[in-house]
Amino acid sequence: MDEEGRPLRVAVIGAGMAGILSAIKLIEAGLTDFTVYEKGDRVGGTWRENTYPGLSCDVPSHLYSYSFALSPDWSRRFAPGEEIEAYFERVAAEHGVVERTRFGDAVVRAELIDGRWHLTTASGHQDEADIVIAATGVLHHPRYPDIPGLDAFDGALFHSARWDHSVPLEGARVGVIGTGSTAVQITSAIVDRVARLSLFQRTAQWVMPQENPAYTVEERAAFREDPGKLAELHQTLADMFDVFANAVVDTEAPELRMIEQACLDNLEQNVRDPVLRERLRPTYRAACKRLIISPDFYDAIQRPNAELVTAGIERVESRGVCTKDGRRHDLDVLVLATGFHADAFMRPMEIVGRGGTTLEQTWDPRPEAYLSISIPDFPNLFMLNGPNGPVGNFSLIEVAELQLGYILQLVERVRRGECRELCASAEALAEFERAREEAARHTVWVTGCQSWYLDDRGLPAVWPWPFRQFRERMAAPDLAAYELT
Ligand SMILES: Cc1cc2nc3c(=O)[nH]c(=O)nc-3n(C[C@H](O)[C@H](O)[C@H](O)COP(=O)(O)OP(=O)(O)OC[C@H]3O[C@@H](n4cnc5c(N)ncnc54)[C@H](O)[C@@H]3O)c2cc1C
C-alpha cells in the first residue's frame with residue numbers, strides 16, 4: 001500500500017525474458033496492480049527480434065531456462081532460437097503475463113512527479129506507477145557499422161537482428177560482416193545454401209568446439225517423468241558455468257588455460273590449410289572477447305564456396321564490398337552481423353528523476369548503477385540486466401532472477417510503508433564503481449582485445465568478481481547503501 005492506502009502500482013518496461021520474469025514474480029508477491037509495456041507485437045525480446053539462420057543459445061538450454069519453469073522438451077543441448085522464443089511465449093501465456101501486457105506501444109518518457117513515475121507511451125497513453133522495473137534489454141539496439149558507401153549497395157542489405165526472410169539465399173553471393181557468435185552461427189547455417197559466402201573478419205576469434213546433440217525421445221520422457229532429474233541437470237550446469245564465470249575474472253585460473261588449450265586444439269586439428277589457420281588464429285587470450293561456441297565453424301569456412309576475407313573493408317559500392325587490397329567482392333546480399341549498442345539500456349527513453357535530473361545527463365559519459373540495479377536520484381526505478389552487471393558466456397536468466405529477488409526485497413520496504421521512495425546513494429554508487437573498476441583491471445577482458453565489454457575508457461563494463469559474490473550481494477540488499485525517504 002502507498003501512503004493513501006492504495007496498492008502499489010508497478011510498471012514493467014519490456015516483455016523479453018526479464019519482463020516476463022518480473023510479471024510472474026510480481027503476481028507471486030501479490031503485487032498484482034501492474035502493466036507490462038512492450039513495444040513489439042509479442043513477448044520474447046531478443047528471441048522475437050533475432051530470427052537469423054542458425055540462431056541458437058550458446059549456453060545449454062537446460063541452464064538457459066527459468067528455475068521455476070524447467071522444460072523437459074528442449075530438442076538439443078543448445079536449442080534453436082525459435083524454440084527459445086516458443087518457450088518464452090508458452091511461459092508468459094501459462095502465467096497470465098500476456099493479458100497484462102500492452103503490446104505495440106513503446107514507453108518514451110518517464111518522469112518522477114511527487115514521488116510517482118508518470119509514464120508516456122509513443123501513442124500518447126499515460127500511466128502512473130509507484131515502482132518502475134526497466135527490463136529493456138542489453139543487446140537490443142542494432143549497431144550499424146560506419147563503412148563508407150554502405151547506402152550505395154544495390155543488393156539486399158540488413159542487420160542480423162533484422163533478418164529479411166523475403167531475400168532468397170539459394171544461389172546468392174552473400175557477404176557477412178563480423179565474426180562474433182552471430183556471424184559464426186550464420187556462416188555455418190547458410191554456407192551450403194549459398195553460391196558463395198564471404199566472411200569479412202576484422203579480428204580472429206577463439207572457437208570452443210561444443211557438440212550440439214539432440215535429446216532422444218527417451219531422454220525427454222525421463223525428464224518429464226522425473227522433474228528431479230531436470231532440476232539436477234540445471235544445477236549441474238549452473239555449477240559448471242560458475243567455474244567459467246570465476247575463471248574469466250582471474251587471468252591465472254587453470255580453467256582459463258584449459259579453455260584456451262581446447263580452442264587451440266580445435267584450430268590446429270580442424271583447419272587444414274596453414275595459411276588459413278594463421279588468419280584464424282587470435283592474438284589475444286581466450287575469453288577476452290565473448291567466446292564463440294561452435295562445433296562446425298571451421299568446417300564451414302573451409303568449404304570450397306566460402307572465403308575468409310581479412311584484408312579490411314575500405315568501402316561498399318553498388319555491386320559489393322571493396323577491401324584494402326584493391327579487390328572487389330561482388331555480392332547479392334550483405335549481412336551486418338555487427339552487434340548492438342550494449343551501452344544504451346533504457347535509452348532512448350527520456351527519464352527524468354528527482355529535481356529534473358535526466359538520465360541522459362546522469363549517464364554522461366557512461367552508464368552506471370549501483371549493483372547495476374539502482375541509480376541515485378531515480379528512486380523506485382530498478383533495472384534488470386542494467387549497466388556493469390554479469391554478462392558473458394553464461395545464463396542471463398539466472399542473473400535476472402537474482403536481481404529481481406533483490407529488487408522485490410527493496411519494493412517490500414515501500415509496500416510495508418517503511419519509506420515512500422528509495423534509491424542507491426551517490427556515495428554507495430561511487431564506492432561500488434571504484435571497487436568495480438579496480439577489480440576489472442585484473443580480468444581477462446583487459447588482456448589485449450577490443451570487445452563490446454569495454455567502455456569508452458577501455459575498462460570492462462561488467463561484473464568483475466566471481467559469480468558467487470554476485471549471488472551473495474543479491475541475497476539481501478544492504479540498506480546502508482540506500483537513501484530511504
Ligand atoms: C543473438 C543473441 C544471442 C544471445 N544468446 C544468449 C545466450 O546464449 N545466453 C544468454 O544468457 N544470453 C544470450 N543473449 C542475451 C539475451 O539478450 C538475454 O539472454 C535475454 O534474452 C535478455 O532478455 P531481456 O528481457 O533482458 O532483454 P530483451 O530480450 O532485449 O527484451 C527487452 C524487451 O524490451 C522491449 N523494450 C525496450 N525498450 C522498450 C520501451 N521503451 N518500451 C516498451 N518496450 C521496450 C523490447 O522490445 C524487448 O522486447 C543473446 C542475445 C542475442 C542478441
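Key figures
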{"read-out": "Conditions (1) within 25 Å of the chain's Cα centre (by Cα); (2) farther than 15 Å from residue 245 by Cβ; (3) touching a residue at least 60 places away in the same chain (Cβ under 8 Å); number of the one not met by residue 441", "value": "(3)"}
{"read-out": "Hits in the stretch 371-413 (condition: out of contact with any Pro (no Cβ under 7 Å at 6 or more places or on another chain), away from the ligand (no atom under 16 Å from the Cβ) and open to solvent by 10 Å² or more (accessible area, probe 1.4 Å))", "value": "376, 377, 408, 412, 413"}
{"read-out": "Any helices (runs of 4 or more DSSP H) falling wholly within the stretch 268-366 and containing at least 2 residues that are hydrophobic (A, V, I, L, M, F, W, C)", "value": "274-279, 297-301"}
{"read-out": "Residue list for the stretch 115-145, filter: touching a Phe, Trp or Tyr at 6+ places or on another chain (Cβ under 9 Å) and not in a loop (DSSP other than H, G, I, E, B)", "value": "119, 121, 127, 128, 129, 131, 132, 133, 134, 142"}
{"read-out": "Evaluation of residue 343 against (1) within 15 Å of the ligand (Cβ to nearest atom); (2) under 30 Å from residue 199 (Cα atoms); (3) touching a strand residue (DSSP E or B) at 6+ places or on another chain (Cβ under 8 Å) (one fails), failing number", "value": "(3)"}
{"read-out": "Qualifying residue in the stretch 476-485 (condition: farther than 28 Å from residue 248 by Cα, part of a loop (DSSP other than H, G, I, E, B) and in contact with a strand residue (DSSP E or B) (Cβ under 9 Å, 6 or more places away or on another chain))", "value": "yes"}
{"read-out": "Matching residues, the stretch 266-291, being modelled with pLDDT of 95 or more, aliphatic (A, V, I, L, M) and surrounded by 14 or more Cβ atoms within 10 Å (Cβ to Cβ)", "value": "267, 271, 276, 280"}
{"read-out": "So residue 240, is it modelled with pLDDT under 95, closer than 30 Å to residue 177 by Cα and of a type outside the set (Gly, Ala, Ser)", "value": "no"}
{"read-out": "Residues of the stretch 130-167 that turn out to be open to solvent by 60 Å² or more (accessible area, probe 1.4 Å) and among the small types (Gly, Ala, Ser), as a count", "value": "1"}
{"read-out": "Failed item, numbered, when residue 184 is tested on (1) assigned to a loop (DSSP other than H, G, I, E, B); (2) β-branched (Val, Ile, Thr); (3) within 16 Å of the ligand (Cβ to nearest atom)", "value": "(1)"}
{"read-out": "Among residues of the stretch 304-336, those that are of a type outside the set (Gly, Ala, Ser), more than 30 Å from the chain's Cα centre (by Cα), open to solvent by less than 20 Å² (accessible area, probe 1.4 Å) and farther than 28 Å from residue 272 by Cα, counted", "value": "0"}
{"read-out": "Qualifying positions in the stretch 51-90 - open to solvent by 10 Å² or more (accessible area, probe 1.4 Å) and touching a Gly at 6+ places or on another chain (Cβ under 7 Å)", "value": "51, 55, 56, 85, 89"}
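The values are calculated or read from the model by the stated rules, or taken from the named source; none is laboratory data. The structure presented is a predicted model; accordingly, all values stated were derived computationally and were not measured. Cβ coordinates were reconstructed from backbone atoms using ideal geometry, including for glycine residues, and neighbour counts include every protein chain displayed. SASA here: full protein model, heavy atoms, side chains in, ligands and nucleic acids out. Shrake-Rupley method; radii C 1.70, N 1.55, O 1.52, S 1.80 Å.
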